[in-house]
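Heads up: the structure comes next, in structure tokens.
The values are calculated or read from the model by the stated rules, or taken from the named source; none is laboratory data. Predicted model only: the values in this text are computed from it and were never measured. Backbone-built Cβ (ideal geometry, glycine too); neighbour counts: all protein chains shown. For the accessible areas, the whole protein counts, side chains as well, though only heavy atoms, and no ligand, DNA or RNA atoms are used. Shrake-Rupley method; radii C 1.70, N 1.55, O 1.52, S 1.80 Å.
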Amino acid sequence: MKINRNGAMAAVSTIAAVALLSACSGGGDSQTVSGEGSTAQQKAMEHFSQVLTDNSDIVLDYTGSGSGDGIKKFIAGDVDFAGSDSALKGDEITQAKERCNGNDAWHLPLVAGPVAIAYNVEGVDNLNLNPTVLAGIFDSKITTWNDPAIAALNPGVTLPAEDIVPVHRSDSSGTTDNFQRFLQASAPQAWPYEHSKEFQGKGGSGAAKSTGVGDTVKKTPGSITYVEWGFATENDLGVAAVDFGAGPVKLTNETAGKALDTVKFKTPGSKDLVVDTDSLYASKEAGSYPLLLTPYSIVCSAGYADEATSNTLKSAFTEILNQGQDGLAEIGYVALPQGFKTTLQGSVDALGQASGGSNSQ
């Protein structure tokens, strides 16, 4: 599995996006699909936008504002799809069904990307951590870099007696939700909090969006964060190896791809493809890096006010599953394996038909 990145795509206002959509649906040579949400997949969406420009008459207008905002905009009918790093839950499921005129909303994981544990510690080029230590760091229970718990994982490494500055997302974030799911699944005794799009740990410093946490760590000696791989590499941050239970695993395309090959869905056979993150994040397979995001494009399975929207989304997503996979590795994502793509294509092909059952996490 693989995915993509780029700089900062121009954020078109909701009003402009709706105006563009109306213009296309009324005729013309191009069609527009609009989305908003997850900044974790923003670089991939910028890449997909260029692929669609090069290979089709579809314009992809995506604004990275955070998963929470994206879901709100989708439910309000302001955009065609929401980008979210976690699945709809609770009232969101009901509200999305109302937006889709009684049809279920489906989760389509068109993007896969690892979450890097990115740090800025002078003189430490290689760092090993594990889930229990990460939980202690982000809950402000492990507060210096030469703490015995960190030293035990890094024999022979000179660690400074420097304060640790953990940096978390200050906005409503699917990345935060998934990182806390990971800590809950892999270090339950050290992380007593329920997962949420809002950070639950104690202390630390907050910054908005993936760009914000990446930039904060780059500027702050002694800091550490959880952020999508592409944002870590573009800021030249150190990336820790993580011992998930079978020895330290460095983050590479190969180790992330090995984890993606094991992904299971919550309801096998459903067109609503919610990833079973609990089993993924609890994985201890040797040489596998399971701290991954599989951000969703959340769409109406059917029931858009403009019937052409489903067909345009179908065409756009099909192009993304094919031409869109090339070049993702260069921007911090992992290309989707063939079996995963085949499953996704089945859901994409069914858009606009009778809705199936909906999943939730």
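Worth pointing out:
- Hydrodynamic radius of region 33-122 per Kirkwood, over alpha carbon pairs, in Å: 14.2 Å
- In terms of the mean number of neighbouring beta-carbon atoms within 10 Å, the peptides 141-150, 221-230 order highest first as 221-230, 141-150.
- Value of relative contact order over the chain, rounded to a whole percent, pairs C-alpha under 8 Å and six or more apart: 27 percent
- Length added when fully stretched, Lys284-Lys264, from 0.36 nm per residue minus Cα-Cα: 5.7 nm
- For the chain, projected area of the alpha-carbon convex hull averaged over all directions, nm²: 16.2 nm²
- Sum of side-chain charges, Tyr289 neighbourhood, beta-carbon under 13 Å (Lys, Arg +1; Asp, Glu -1): -1
- Each distinct pair of alpha carbons in region 309-356 adds a 1/r term; the inverse of their mean, the Kirkwood radius, is 11.6 Å.
- Highest-first arrangement of 233-242, 69-78, 187-196, where packing means the average Cβ count within 10 Å: 69-78, 233-242, 187-196
- Split the accessible area of the chain by element, probe 1.4 Å, and carbon with sulfur accounts for 49%.
- Whole-number percent relative contact order across region 203-349, with pairs defined as alpha carbons under 8 Å at least 6 apart: 20 percent
- Quotient of the Cα radius of gyration of region 141-290 and 2.2 N^0.38 Å, N being its number of residues: 1.09.
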